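Input: a single structure, listed below in C-alpha cells.
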C-alpha cells in the first residue's frame, strides 16, 4: 500500500511539475464551467476564446496535455475572466 498526498498531481509528478499541472487543471475547469454556463454554440465559444472549434472541443473534453498554462491564461483573458495567484511560504518549525 502506498501513501498519497492531497494532490493527485503530487502523486504523479515531481513537485515543480505538479504545481504547474495543478494550475493548469484549475484554470481548465474554470474555463469549462464558464463556457458551459454561457451555453454558447461551439462556433461562438471558439471565436470568443480565439481558437478553433476543434481546439475548443479538446478543452471541453479535459485534454490537459493539449494546453500549456500560457494558452489557458490567454483563453481566460479573451473571455474577460480575472485570475488571481496566491503564493504562500511553507511553515517553518521554530527551533
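So the values come out like this:
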quantity	calculated
Taking the chain and dividing mean pair separation by its residue count, relative contact order in percent (alpha carbons under 8 Å, at least six apart)	25 percent
Cα long-axis angle, helix 15-38 against the chain (0 to 90 degrees, to the nearest 10)	30 degrees
Protection proxy ranking, peptides 78-85, 67-74, average beta carbon neighbours within 10 Å, highest first	67-74, 78-85
Helix 69-78 axis, angle to the chain major axis (alpha carbon atoms, nearest 10°)	40 degrees
Label-point separation in nm, residue 85 to residue 19, each point 7 Å along Cα→Cβ	0.9 nm
Residue 64-residue 29 pseudo-label distance in nm [points 7 Å out on the Cα-to-Cβ vector]	1.0 nm
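Any read-out appearing in this document is the output of simple, stated calculations on the displayed coordinates, not a laboratory observation. The shown structure was predicted, so the numbers you read here are calculated from the model rather than taken from an experiment. For neighbour counting, all protein chains shown are included, and Cβ atoms are generated from backbone atoms with ideal geometry for every residue, glycine included.
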